[in-house]
Amino acid sequence: MVLLEWAEANRAAPYTVHIVGESWTGRAFELRETLQQCAVSHHFCLADSPEGRALVASAPAGARLPLVVFPDGRVLQNPTNLEISRATGGPIDQNQSDFDVIIVGAGPAGLSAAVYGASEGLSTMVVDKGGIGGQATSSSLIRNYLGFPRGISGRLLAQNAYSQAWVFGANFTFMQTVTDIAREDGQLFVSLSDCGRLRASAVLLAMGVSYRRLGVPALEALIGAGVHYGGSTSEAPAMVGRDVFVVGGANSAGQSALHLAQYARRVTLVVRARSLRDGMSDYLVRQVRATENIQTRLGCEVAVGEGSIAIQLLHQYFAIEQLSPHGSSGDPTSAVV
Ligand SMILES: Cc1cc2nc3c(=O)[nH]c(=O)nc-3n(C[C@H](O)[C@H](O)[C@H](O)COP(=O)(O)OP(=O)(O)OC[C@H]3O[C@@H](n4cnc5c(N)ncnc54)[C@H](O)[C@@H]3O)c2cc1C
């Protein structure tokens, strides 16, 4: 178990999917996000790195970047999300469109409902616009969930919950947004973005939350080029030797800061409150304070941001080094919101 967790944390598991791109940003970033949302272990490298050159050489001549290389040797060239979904499993079963219950959202709430619905013998379909796990997949180490004394990564928790629901007979459809729910003749019809309509006796909505934005337009333009919402664990290895700013003062921010501190030179936690204890659990506050390369700036808000990045904080000011919108591997600074 300990070795499996270590392999998971170090992306050394044998099922790792490789992404090869010309830069960290653009479609290569979207693909990393997609695989992260599917809780698929993956590793990114630049096409002009030794590893990238070897992977490109193993693909058909003239293959279009970015490439997605699966452990069984399959290579997808600049794939769509639907192609990734099919390649990673979970395509919709076109022969079945009637279910007792359809669950919208495969985060922890949707997965729990799938386990209990399917275990009671209900024909159950779970639909998610991403993959499994919802927000939990970006959690590096969940320590307050019952039954895991040393904690568990959100991704592993989601994978286990997915397997559990699947063993009970639940069906899954990924990369499909539910666009409409209608009632006709006492039946419920759920429309999917690419795969038609499904019928159900009951629909359970487990769509979680969507993130509030910082409201700094210039930083929105840099999403994927050094600015990330949600503290995706898959981005952490790219932060080696860099300075990272984490904006937020609750548990997700604390957890992200601790995870990023294993890679970054320095992590600065930017918090609006006057005390970390206002929003963060005690076990995280103690870990944050004990980590040498995390510093905390209390009573601050991000007021302004620029492409050549200077993030200006209300009350306090930092001039941050250049952040290229093209996100070359040499970017010195990143912000996680
Ligand atoms: C970095 C981070 C660390 C965290 N750490 C912890 C922790 O240590 N302990 C803890 O208790 N909690 C933690 N949390 C919070 C926890 O992850 C959330 O409370 C939990 O994921 C909420 O589950 P949910 O199923 O309600 O919603 P979500 O996880 O938000 O899942 C909702 C799902 O619905 C899907 N969806 C939305 N709209 C549609 C649509 N129209 N069609 C199809 N699908 C749709 C989304 O794609 C998503 O997958 C953390 C969160 C983050 C971001």
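The values are calculated or read from the model by the stated rules, or taken from the named source; none is laboratory data. Predicted, not measured: the structure shown is a model, and the values here were computed from it. No Cβ is skipped: glycine too gets one built from the backbone with ideal geometry, and neighbour counts run over all protein chains shown.
Points to keep in mind about this one:
- Asp180 acidic (Asp, Glu), outside the structural domain of Val304 (by TED's automatic domain parsing), at pLDDT 95 or above and within 10 Å of the ligand (Cβ to nearest atom): yes
- Test: residue in the range 187-196 that is assigned to a helix (DSSP H, G or I), more than 14 Å from the ligand (Cβ to nearest atom) and either crowded, with 16+ Cβ neighbours inside 10 Å or not aliphatic (A, V, I, L, M) (or both): no
- Residue, nearest to the ligand (Cβ to nearest atom), within the range 148-159, restricted to residues that are under 19 Å from Tyr283 (Cα atoms) and touching a helix residue (DSSP H, G or I) at 6+ places or on another chain (Cβ under 7 Å): Gly154
- Identity of the residue in the range 96-105, more than 6 Å from the ligand (Cβ to nearest atom) and part of a loop (DSSP other than H, G, I, E, B), that ends up surrounded by the most Cβ atoms within 10 Å (Cβ to Cβ): Ser97
- Members of the range 137-147 found to be surrounded by 24 or more Cβ atoms within 10 Å (Cβ to Cβ) and either near the ligand (Cβ under 6 Å from one of its atoms) or in a strand (DSSP E or B) (or both), listed by number: Ser138, Ser139
- Taken over the range 106-129, residues that are closer than 12 Å to Ala158 by Cα, outside any loop (DSSP other than H, G, I, E, B) and near the ligand (Cβ under 6 Å from one of its atoms) amount to 3.
- Residue match in the range 64-86 (condition: modelled with pLDDT under 85, exposed (fewer than 14 other Cβ atoms within 10 Å of the Cβ) and closer than 19 Å to Met175 by Cβ): no
- Checked against (1) of a type outside the set (Val, Ile, Thr); (2) outside any strand (DSSP E or B); (3) outside the structural domain of Tyr145 (by TED's automatic domain parsing); (4) modelled with pLDDT of 80 or more, Phe44 passes all but a single condition, namely (2).
- The condition of being in contact (Cβ under 8 Å) with a residue 60 or more places away in the chain and either surrounded by 19 or more Cβ atoms within 10 Å (Cβ to Cβ) or not assigned by TED's automatic domain parsing to the domain that holds Leu260 (or both) holds for only one of Gly151, Gly169, Gly131, Gly121, that being Gly131.
- Inside the range 19-37, residues that are crowded, with 22+ Cβ neighbours inside 10 Å and among the basic types (Lys, Arg) make up a count of 1.
- Residue match in the range 160-175 (condition: away from the ligand (no atom under 13 Å from the Cβ), aromatic (Phe, Trp, Tyr) and assigned to a loop (DSSP other than H, G, I, E, B)): yes
- Qualifying position, being modelled with pLDDT under 90 and touching a helix residue (DSSP H, G or I) at 6+ places or on another chain (Cβ under 9 Å), among Glu301, Glu220, Glu306: Glu306
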